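Below you'll find the structure, written out as structure tokens, and then a few comments.
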2 protein chains.
Amino acid sequence: MPVNPHAAIEISAFRWVPDFAAGLVRDLRVRWALEEAGLDYRVRLLGQEKPPEYVREQPFEQVPTYRDEAVQIFETGAIVQYLGEKDERLLPSDPQGRFRAIQWTYAALNSVEPALQQIVLVDIFYPNEEWAKLRRPGAEEFARLKLKRVSDWLGDKPWLEDRFTIGDLIMITVLRNLRHTNLVAELPNLQAYQARGEARPAFQRALADQLAVFAENQPQGEAA
Amino acid sequence: MPVNPHAAIEISAFRWVPDFAAGLVRDLRVRWALEEAGLDYRVRLLGQEKPPEYVREQPFEQVPTYRDEAVQIFETGAIVQYLGEKDERLLPSDPQGRFRAIQWTYAALNSVEPALQQIVLVDIFYPNEEWAKLRRPGAEEFARLKLKRVSDWLGDKPWLEDRFTIGDLIMITVLRNLRHTNLVAELPNLQAYQARGEARPAFQRALADQLAVFAENQPQGEAA
């Protein structure tokens, strides 16, 4: 059971988030990698009002941060890559296999996620703004183009390269940003790819552990 | 002189781009890293209409791609990190120094660049769209917040960590996306940081080499 209050590895996460963010907050990515690698970790919970010193650990005041006996770092891409270097099941060690996986980690975070976040911005954060209504068709067209590129690359392969890596872990959690839409489902091989990742026992444990924290810390008077 | 038609390292780049993109296209990042490391490279030039097989090298049909005797990869974050592993001047080798640099590479590409690209989208790509006019104040506020976070982190340090790394290289090229605005100049330490990076001889050579290609391939009838 990786969540262990006495573990050397510590990550930060939110105590509670509204439903639209539950199962998406980025500590999920790190929890998933830790589960795949079977590494115990403890969780430092933060409220939406973080302690003033947190900005010295995480300049953007986001979660998660990561620390162990060797490093103190932030950014899920970097953390997941660091964990990958500890465990070949997450990241191959030969140069080509290693950098093909790292390239997909960057692609998910820089070539795909920004396009998908535009849909989230419009639909979840600004649904009633005039600009958001006018922008949505263009944002959707752009997101669809990016998804099509990933789908075309995948074809009938189970993973982006010849085995599961951190590139898939990050890409699949990026695709989850669109769970309130049918955009992924329009591409059956991409939908199957996301489902294949989410069916992994390590993902299921990571998700359950994130959601359990939110359930425990549900504010009085907030709907579940 | 790193640009060398007989080099083992090959990158892809555009033959020509309009002025708004000259000095921003992402092969600049890889050229800069190659110059810092003193590694010779050759350039494979592409038109805006890429050959049909290019999508098998770069699923998003962007530039640059990178290949040498050991790897064939895309995504500037991954390429620059790969080059960093060849040269400690780009990327420290101790775990903490190494992953602090990698964390900033990811932060520049995932926590900062998407916010700045919204300003580019509104100002450069859709200046006459009604949604863009309505969206600009909010996009500017969000970009300003991200820049402030980087500025606050920097304080009076010359670099993001205790020495120049690939994290600075990527962050500085990300800040260049806002060159048509005063947003970086509003934060004097951030402006000085960008200028400090751009003053490096390796950056200057990389920029000159990118611009020289565009000048050589200027289409007939296009203003310089």
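The values are calculated or read from the model by the stated rules, or taken from the named source; none is laboratory data. Values in this document were obtained by computation on a predicted structure and should not be read as measured data. Every residue, glycine among them, receives a Cβ derived from its backbone with ideal geometry; neighbour counts consider all protein chains shown.
Structure values in brief
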| item | result |
| --- | --- |
| Residue ID - farthest from the chain's Cα centre (by Cα), chosen from residues in region B:1-17 that are touching a residue at least 40 places away in the same chain (Cβ under 8 Å) and in a loop (DSSP other than H, G, I, E, B) | B:ALA8 |
| Whichever residue in region A:73-91 is farther than 11 Å from A:ILE9 by Cβ and surrounded by fewer than 20 Cβ atoms within 10 Å (Cβ to Cβ) and, among such residues, is nearest to the other protein chains (Cβ to nearest Cβ) | A:GLU85 |
| Residue that is surrounded by the fewest Cβ atoms within 10 Å (Cβ to Cβ), among those in region B:92-108 that are within 12 Å of chain A (Cβ to nearest Cβ) and free of Cβ contacts under 8 Å to residues at least 60 places away in the same chain | B:ASP94 |
| Selected residue (only one of B:ASN177, B:ASN189, B:ASN182 is under 21 Å from B:ALA115 (Cβ atoms) and assigned to a loop (DSSP other than H, G, I, E, B)) | B:ASN182 |
| Test: residue in region B:80-96 that is over 21 Å from A:VAL63 (Cα atoms) and touching a strand residue (DSSP E or B) at 6+ places or on another chain (Cβ under 9 Å) | yes |
| Region A:61-71, subset more than 9 Å from chain B (Cβ to nearest Cβ) and out of contact with any helix residue (DSSP H, G or I) (no Cβ under 6 Å at 6 or more places or on another chain), residue surrounded by the most Cβ atoms within 10 Å (Cβ to Cβ) | A:THR65 |
| Residue check for B:PRO219: away from chain A (no Cβ under 14 Å), within 22 Å of B:ALA22 (Cα to Cα) and either β-branched (Val, Ile, Thr) or assigned to a loop (DSSP other than H, G, I, E, B) (or both) | yes |
| Among the candidates A:GLY38, A:GLY47, residue that is at positive phi, of a type outside the set (Lys, Arg), surrounded by fewer than 19 Cβ atoms within 10 Å (Cβ to Cβ) and outside the structural domain of A:GLY138 (by TED's automatic domain parsing) | A:GLY38 |
| Flag if A:ARG67 is out of contact with any Pro (no Cβ under 7 Å at 6 or more places or on another chain) and at pLDDT 95 or above | yes |
| Residue within region A:49-60 that is away from every other protein chain (no Cβ under 14 Å) and either of a type outside the set (Ser, Thr, Tyr) or over 25 Å from A:LEU178 (Cβ atoms) (or both) present | yes |
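Residues checked against (1) within 9 Å of chain B (Cβ to nearest Cβ); (2) in a helix (DSSP H, G or I); (3) surrounded by fewer than 16 Cβ atoms within 10 Å (Cβ to Cβ):
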residue	(1), (2), (3)
A:ASN110	yes, yes, no
A:ILE119	no, yes, no
A:ASP123	no, yes, no
A:LYS148	no, yes, yes
A:SER151	no, yes, no
A:ASP156	no, no, yes
A:PHE164	no, no, no
A:LEU169	no, yes, no
A:ILE172	no, yes, no
